[in-house]
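First comes the structure, then the notes that go with it.
The values are calculated or read from the model by the stated rules, or taken from the named source; none is laboratory data. Everything numeric in this text was worked out from a predicted model, so none of it was measured. We place every Cβ from the backbone using ideal geometry, glycine too, and count neighbours over all the protein chains shown. Remember, those area values only see protein heavy atoms, side chains included, never the ligands or the DNA or RNA. Shrake-Rupley method; radii C 1.70, N 1.55, O 1.52, S 1.80 Å.
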Amino acid sequence: MTMLYVIAVPIGNFKDITLRAISILKKVDFVICEEYRPADTLLRSLDIEKELLQLNEHNEATQATSLIEKIKGKKVALISDCGTPGFADPGTLLVQACHQANIPVSPIPGASSLTASLSVSGIDISQFYYAGFLTRKNEARVQELQELAKRKEALVIYDTPYRLQQVLQDIKKTKLIERNMTLALALTCKQEAVLHGNLAKIEARLQEMERKKSLFVLVVEGVNKHKK
């Protein structure tokens, strides 16, 4: 039976892989991965050897459709470097192509940087807005943050480790500086840290820790809609 399994893999700690994910990875015919090295490292840690085909942000637009013929008649796993394919990672176009080709797609859930960050934020997340990765251009990023500051619900912001300091500096140029926030760093890894408070407090903690860059998720508290 043909099947594409969309498998969530650990976001840092390899022990967070689920038993079901291991079982599926063992029985699939091949694995579609974001990058070869992280995928090979993960599979080796599980004592699994599979053919790897690459699908990432650079080739997904051209590869997604061509992979359909290889998937037909097979059981195939789709994984990212970490977390869940299609969530701030490649995979959406391949899943779309599978739907169009009537190929079944099954989720194998697991570790998530989003839910992990929200769970330790201490912030009301009854409503939140997922802003995802910010734009790379400095001026445009400030404008994007200014627009986000107009939203009342809690915000979830991602960006690359080397832009952590710049994102915090850009926030100072917006009304988001008036809100408390939680900065989740390197979740599930040895360097894990969860910082909470206003921006000044978080920056002071980062300086104490000598952390200029790190994998991070920033959760910004919402505004009480009943306040004027």
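Net charge in the neighbourhood of GLU49 (other residues with Cβ under 12 Å of its Cβ; Lys, Arg +1, Asp, Glu -1) is 0. The Kirkwood radius of segment 1-75, taken over pairs of alpha-carbon atoms, gives through the Stokes-Einstein law at 4 °C and 1.567 mPa s a diffusion coefficient of 99 µm² s⁻¹. Counting Lys +1, Arg +1, Asp -1, Glu -1, what net charge surrounds THR135 among other residues with beta carbon under 13 Å of its beta carbon? Here the charged neighbours net out to -1. For the chain, the longest principal axis of the Cα atoms and the long axis of helix 138-148 meet at an angle of about 80 degrees. Of the whole protein surface, LYS70 contributes about 110 Å² of accessible area at a 1.4 Å probe radius. When you restrict to C-alpha pairs under 8 Å that are six or more residues apart and normalise by the size of the chain, the relative contact order lands at 21 percent.
Electrostatic bookkeeping for GLN96 treats Lys and Arg as +1 and Asp and Glu as -1; over the other residues with beta carbon under 15 Å from its beta carbon, the sum is -2. For segment 122-190, a Kirkwood hydrodynamic radius built from all Cα pairs, placed in the Stokes-Einstein relation at 37 °C and 0.692 mPa s, yields a translational diffusion coefficient of 256 µm²/s. Taking each DSSP H run with n ≥ 4 as -39500 (n - 2.57) and averaging over every residue of the chain yields -10000 deg cm²/dmol at 222 nm. Accessible surface area normalised per residue over the chain is 55 Å², counting heavy atoms of protein chains with a 1.4 Å rolling probe.
Within the chain, DSSP assigns beta bridges of which about 45% are antiparallel (rounded to the nearest 5).
For the chain, the convex hull spanned by the alpha carbon atoms encloses 139 Å³ per residue. Only protein heavy atoms count here; under a 1.4 Å probe, LYS137 has an accessible surface of about 150 Å².
Sorted largest first by accessible area at a 1.4 angstrom probe radius, with every protein chain in place, the residues CYS98, CYS82 fall in the order CYS82, CYS98. Lysine pair count for segment 1-147 (Cα-Cα distance under 29 Å; residues 8 or more apart in sequence or on different chains): 19. Of the solvent-accessible surface of the chain, computed with a 1.4 Å probe and all protein chains present, 49% belongs to carbon and sulfur.
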